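The values are calculated or read from the model by the stated rules, or taken from the named source; none is laboratory data. These figures come from a predicted structure and were not determined experimentally. Glycine also receives a Cβ, built like all others from the backbone with ideal geometry; neighbour counts cover every protein chain displayed.
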Amino acid sequence: MSTNGSTGRVFAQNRKARHDFNIEETYEAGIQLTGPEVKSIREGRANLTESYARIRDGEAFLLGAHVSPYENARQGEQLPTRERKLLLHGREIARLAGKSQEDGKTLIPLRLYEKNGNIKLEVGVASRKKQYDKRREIAKKTAQREIERAMKERLRS
């Protein structure tokens, strides 16, 4: 269930997600895309910042993800923020549906990447961090940086 396999290029990342949410579990999902969307994503023209996932009628969907229209495509209708179906196993969808029903839990896309020539989406079950948790995390990172800087200075002298 958790993703630890070898991955290729990362096309888009939701950096803000790890800052604003505690990620409890991650799942790897395929994503149903059109040909021009695949080309646009491979050019790095995708954004996951304000996106989220929902389970509806036993299916998972990605909402709010922005994929810029591919310029060289036929002049058909290319909606940048259309709803896209996520491809998961039935048991994974059932588990995600249960998790997302828990109080304060939401499904957040973390990154869009290539694996074995296919575009995959890493989805995390997350709960929103409190403001004091964010401050504590920033203070911890700052302290760690100071320790590393002091150690580096000590090794130089």
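Can you tell me which of (1) under 22 Å from the mean Cα position of the chain (by Cα); (2) modelled with pLDDT under 90 is the one Arg156 doesn't meet?
Status for Arg156: all satisfied but (1).
Would you confirm, using the coordinates I've provided, whether Ser127 is closer than 24 Å to Lys16 by Cα, in contact (Cβ under 8 Å) with a residue 60 or more places away in the chain and of a type outside the set (A, V, I, L, M)? Let's see the steps before the verdict.
Numbers: closer than 24 Å to Lys16 by Cα: yes; in contact (Cβ under 8 Å) with a residue 60 or more places away in the chain: yes; of a type outside the set (A, V, I, L, M): yes.
Yes.
Identify the single condition in (1) modelled with pLDDT under 90; (2) surrounded by 20 or more Cβ atoms within 10 Å (Cβ to Cβ) that Lys120 does not satisfy, given that it satisfies every other one.
Every condition holds for Lys120 apart from (1).
Give the residue, chosen from Lys39, Lys85, that is among the basic types (Lys, Arg), closer than 20 Å to Gly124 by Cβ and surrounded by fewer than 17 Cβ atoms within 10 Å (Cβ to Cβ). Don't jump to the end; show me each part of the working.
Details: Lys39 fails: closer than 20 Å to Gly124 by Cβ.
Result: Lys85 is the single residue among Lys39, Lys85 that is among the basic types (Lys, Arg), closer than 20 Å to Gly124 by Cβ and surrounded by fewer than 17 Cβ atoms within 10 Å (Cβ to Cβ).
Please tell me if Ala73 is in contact with a helix residue (DSSP H, G or I) (Cβ under 6 Å, 6 or more places away or on another chain) and of a type in the set (Gly, Ala, Ser).
On the way: in contact with a helix residue (DSSP H, G or I) (Cβ under 6 Å, 6 or more places away or on another chain): yes; of a type in the set (Gly, Ala, Ser): yes.
It is true that Ala73 is in contact with a helix residue (DSSP H, G or I) (Cβ under 6 Å, 6 or more places away or on another chain) and of a type in the set (Gly, Ala, Ser).
With the structure loaded, tell me whether Ala73 is in contact (Cβ under 8 Å) with a residue 24 or more places away in the chain, outside any helix (DSSP H, G or I), within 11 Å of Leu121 (Cβ to Cβ) and not hydroxyl-bearing (Ser, Thr, Tyr) or whether it fails that test. Lay out the reasoning, then the answer.
On the way: in contact (Cβ under 8 Å) with a residue 24 or more places away in the chain: yes; outside any helix (DSSP H, G or I): yes; within 11 Å of Leu121 (Cβ to Cβ): no; not hydroxyl-bearing (Ser, Thr, Tyr): yes.
For Ala73, the condition - in contact (Cβ under 8 Å) with a residue 24 or more places away in the chain, outside any helix (DSSP H, G or I), within 11 Å of Leu121 (Cβ to Cβ) and not hydroxyl-bearing (Ser, Thr, Tyr) - is not met.
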